[in-house]
Amino acid sequence: MERLVIPEEAFPALSASQVGRLRGLGRAYEVAEGDVLSTAGDRQRDFVFIESGEVELVRAAMPDHPEVVVLRIKPGTFLGELNMITGQAAYLTARVSVPGQVRRLSPDGFKKFMLEDAELSEIILKAFIARRSMLQSSEGARSIELLGSRSSKEAFALRNWAARQQLAHMWIDVETPEGESLRATLGLGSHELPIAITPTSVLRNATPNTLASELGLSFEPAPGREFDLVVVGGGPAGLAAAVAGASEGLDTVLFDSGLAGGQAAASSRIENYLGFPSGLTGADLATRAIVQAQKFGARIVSTCGVAALCIVDGQLAIRLTDGSQAVARAVMISSGARYRTLPVKRWQEFEGAGIFHAATELEVSACGGPEVVVVGGANSAGQAALFLASRQKKVRLVVRSGDIAAGMSRYLVDRVLADPQIEVHSETEVVELAGTEALEAVTLRNGATGNRQQTPCNGLFCFIGAVPGSEWVEGVALDDDGFVLTDHDIPEKNLSAYAMLGRRPLSFETSVPGVFAAGDVRHGSMKRVASAVGEGASAVRSIHQAIGNG
Ligand SMILES: Cc1cc2nc3c(=O)[nH]c(=O)nc-3n(C[C@H](O)[C@H](O)[C@H](O)COP(=O)(O)OP(=O)(O)OC[C@H]3O[C@@H](n4cnc5c(N)ncnc54)[C@H](O)[C@@H]3O)c2cc1C
């Protein structure tokens with residue numbers, strides 16, 4: 001573990017007036033040495049301000065490690081980190097080490113305070129974010145240990161989910177001496193991998209779903225609850241809708257079947273997003289947006305897909321893949337588009353075990369060796385090739401057309417051609433995959449010469465166009481390619497539901513009143529981050545009108 005570096009933002013110096021406001025919250029309690037303020041695994045916990053004394057944050061004993069004091073917190077500051085916003089169960093125990101006095105504010109009181117005191121809410125949020133990133137590289141990260149094989153697709157899915165959730169956790173490769181010894185200590189067989197060890201349990205054959213449920217991050221529907229807005233898909237469009245909706249008082253829940261952040265989070269660098277002249281990573285943009293939506297009270301559930309749009313007792317509802325339902329006054333379809341796959345044998349077998357549709361640090365670490373192939377002729381493929389080359393990979397960029405400039409922006413083409421780590425194979429296709437447990441080699445075929453060449457390949461990164469994520473939206477008018485039609489694009493024959501309401505569809509509204517669409521899944525959209533964000537946020541104006549708020 002690295003030495004714990006405490007950034008200033010994590011424990012900000014508060015002014016007398018700010019301390020005064022925090023002292024006015026909740027109720028004061030005298031605390032004695034050894035008193036536990038919250039225990040690892042607690043789902044509901046108070047916001048605590050330490051007036052005097054000292055509190056230590058303790059990582060519980062794990063099967064392979066004894067209990068450790070991660071941090072001691074002095075008076076004049078507050079406890080907590082990002083899980084106070086995301087709803088994740090506590091992963092450290094807060095125990096009084098020097099007696100004194102604390103103030104406790106209930107979870108509902110804390111939510112209210114965060115919306116009312118803009119100045120302190122910004123300071124607290126920044127501190128929570130800084131504390132999370134600090135804890136990710138501390139002993140605190142051992143509170144959630146993920147043990148599995150680097151070449152297993154199940155382990156990759158789990159690591160990918162944990163990384164996207166920004167969980168403080170530790171990945172342990174079972175093929176290392178540490179991993180083997182942990183597996184032996186737990187007495188578990190290889191067929192039980194991957195394993196997730198949390199402060200409260202050991203999950204065998206762990207999946208993002210079982211881990212989310214254990215950590216309190218899954219959806220638990222309350223009977224009779226009606227949301228103002230259910231957002232389906234947590235890419236830039238859905239997240240923008242959730243931020244706009246929740247900040248304007250709509251009771252909002254967002255579901256994502258994979259990883260909130262959408263395609264944008266798969267990008268190693270988005271260079272054309274307003275306000276970030278030197279670009280930002282897609283994962284960074286997604287994480288900020290997720291926290292922002294949660295800060296305004298939106299619930300983000302990112303292990304649960306939506307299986308169908310339905311009408312229950314005359315009300316709009318969505319049915320989740322786990323069979324549960326969420327009833328809503330308005331539904332936002334922002335399920336984007338997903339990358340096409342190549343029609344090559346064994347493709348499914350290697351998805352996540354050598355074949356990836358994103359190029360970020362996580363995929364780099366999951367590639368066993370230096371040889372990679374990027375397939376695609378558009379900007380996303382160019383960005384991925386440059387990123388992988390910057391991580392010392394030997395990149396073969398495979399493009400079907402004869403000229404990479406045909407589908408890629410000039411600035412990327414120039415950088416790709418100038419990079420000594422990238423070899424461009426134009427008029428070429430991947431025709432065969434080889435490997436035992438993970439991908440090890442691919443065969444490339446040149447369309448002009450017919451030549452076939454087998455090349456080592458530890459990672460195949462595929463970016464070849466997209467299909468709309470609209471298979472679940474039955475009953476809504478789509479275009480011939482499956483993209484969702486909205487407002488002026490809906491043919492008259494599909495507008496019968498509006499005749500009874502005596503109105504026309506609003507901007508971004510679909511052929512079903514109260515159901516909206518934004519982003520890449522929408523017919524005619526621009527397929528860009530900025531336009532998806534703009535559409536998601538703008539649609540909320542129409543949603544207010546449709547449900548009678550505006
Ligand atoms: C590698 C890469 C690089 C890119 N670079 C740029 C760039 O530099 N600049 C730029 O402007 N654009 C870029 N793009 C394009 C941009 O990312 C997309 O246009 C944008 O993400 C679209 O946002 P969206 O919200 O509409 O959909 P998406 O981002 O596709 O998000 C849709 C979400 O819906 C979820 N979903 C799908 N079906 C369901 C279901 N049934 N239930 C629940 N959830 C569901 C998916 O899991 C996904 O998270 C890039 C894309 C990629 C892949």
Return the residue satisfying two criteria in turn: it lies in segment 1-29 and is β-branched (Val, Ile, Thr) and assigned to a loop (DSSP other than H, G, I, E, B), and of such residues it is surrounded by the fewest Cβ atoms within 10 Å (Cβ to Cβ). VAL5
The correct count of residues that are hydrophobic (A, V, I, L, M, F, W, C), modelled with pLDDT of 90 or more and more than 11 Å from the ligand (Cβ to nearest atom) in segment 327-363 is 9
May I ask you to verify whether GLY465 is over 27 Å from the mean Cα position of the chain (by Cα) and either surrounded by fewer than 20 Cβ atoms within 10 Å (Cβ to Cβ) or modelled with pLDDT under 95 (or both)? no
Anything in segment 332-368 that is in a strand (DSSP E or B) and of a type in the set (A, V, I, L, M, F, W, C)? List them, or say none. MET332, ILE333, ALA337, ILE355, PHE356
List the pairs whose first member sits in segment 516-528 and is more than 22 Å from GLY245 (Cβ to Cβ), whose second member is within 6 Å of the ligand (Cβ to nearest atom), and whose Cβ atoms are under 7 Å apart, counting only residues at least 6 apart or on separate chains? LYS527/ASP520
Report whether or not THR86 is at pLDDT below 95 and assigned by TED's automatic domain parsing to the domain that holds LYS112. yes
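One line per residue, one yes/no per condition, for (1) touching a residue at least 12 places away in the same chain (Cβ under 8 Å); (2) at negative phi; (3) surrounded by 15 or more Cβ atoms within 10 Å (Cβ to Cβ):
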{"residue": "GLY323", "(1), (2), (3)": "no, no, no"}
{"residue": "ALA337", "(1), (2), (3)": "yes, yes, yes"}
{"residue": "GLY354", "(1), (2), (3)": "yes, no, yes"}
{"residue": "HIS357", "(1), (2), (3)": "yes, yes, yes"}
{"residue": "THR360", "(1), (2), (3)": "yes, yes, yes"}
{"residue": "VAL364", "(1), (2), (3)": "yes, yes, yes"}
{"residue": "VAL373", "(1), (2), (3)": "yes, yes, yes"}
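Name every residue in segment 376-418 that is within 12 Å of the ligand (Cβ to nearest atom), in contact with a strand residue (DSSP E or B) (Cβ under 9 Å, 6 or more places away or on another chain) and not small (Gly, Ala, Ser), in order of residue number.
We begin by selecting, within segment 376-418, every residue within 12 Å of the ligand (Cβ to nearest atom); these are 376, 378-388, 408-409, 411-412.
Subset that is in contact with a strand residue (DSSP E or B) (Cβ under 9 Å, 6 or more places away or on another chain): 376, 380-386, 388.
Residues satisfying the conditions are GLN383, LEU386, LEU388.
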GLY224 fails exactly one of (1) of a type outside the set (Phe, Trp, Tyr); (2) at positive phi; (3) under 15 Å from the mean Cα position of the chain (by Cα); (4) modelled with pLDDT under 95, namely (3)
Just checking, does segment 495-504 include any residue being surrounded by fewer than 15 Cβ atoms within 10 Å (Cβ to Cβ), within 16 Å of the ligand (Cβ to nearest atom) and not polar (S, T, N, Q)? no
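Sort out which residues of segment 267-300 are within 6 Å of the ligand (Cβ to nearest atom) and crowded, with 22+ Cβ neighbours inside 10 Å, and write them in order of number.
Initial filter on segment 267-300 (within 6 Å of the ligand (Cβ to nearest atom)): 267, 270-272.
Scanning segment 267-300 gives a single hit, SER267.
I'd like to check which strands (runs of 3 or more DSSP E) are fully inside segment 170-257 and have at least 2 residues that are within 16 Å of the ligand (Cβ to nearest atom) and touching a strand residue (DSSP E or B) at 6+ places or on another chain (Cβ under 7 Å). Before you say what the answer is, go through the steps one by one.
Values: elements: 170-173, 195-197, 226-232, 252-255.
Fully inside segment 170-257 and qualifying: 226-232, 252-255.
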Within segment 30-53, identify whether any single residue is surrounded by fewer than 13 Cβ atoms within 10 Å (Cβ to Cβ) and without any contact (Cβ under 8 Å) to a residue 24 or more places away in the chain, and answer yes or no. no
Pull out all pairs, ordered by first then second residue, where Cβ-Cβ is under 7 Å, the residues are six or more apart or on different chains, the first lies in segment 456-479 and is farther than 15 Å from ALA384 by Cβ and free of Cβ contacts under 8 Å to residues at least 40 places away in the same chain, and the second is among the polar types (S, T, N, Q) and in a loop (DSSP other than H, G, I, E, B). ALA477/THR510; ALA477/SER511
Residue count, segment 430-452, condition within 18 Å of GLY369 (Cβ to Cβ) and of a type in the set (Gly, Ala, Ser), comes to 4
Every listed condition ((1) at pLDDT 95 or above; (2) surrounded by 20 or more Cβ atoms within 10 Å (Cβ to Cβ)) holds for VAL431 save (2)
Lone unmet requirement of (1) without any contact (Cβ under 8 Å) to a residue 60 or more places away in the chain; (2) part of a loop (DSSP other than H, G, I, E, B) for GLU437: (1)
I'd like to know if segment 480-489 contains one or more residues that are more than 23 Å from the chain's Cα centre (by Cα), under 30 Å from ALA389 (Cα atoms) and not in a loop (DSSP other than H, G, I, E, B). no
For segment 440-474: of the residues being within 16 Å of the ligand (Cβ to nearest atom) and part of a strand (DSSP E or B), which is farthest from VAL512 (Cα to Cα)? GLY459
Residue hits (segment 306-323; out of contact with any strand residue (DSSP E or B) (no Cβ under 7 Å at 6 or more places or on another chain) and within 13 Å of the ligand (Cβ to nearest atom)) are ASP322
Which condition from (1) away from the ligand (no atom under 14 Å from the Cβ); (2) not assigned by TED's automatic domain parsing to the domain that holds VAL331 is the one that ALA477 breaks? (2)
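The values are calculated or read from the model by the stated rules, or taken from the named source; none is laboratory data. Bear in mind that the values here come from a model prediction, so they are computed numbers and not experimental data. Here the Cβ is made from the backbone with ideal geometry for all residues, glycine too, and neighbour counts use every protein chain on show.
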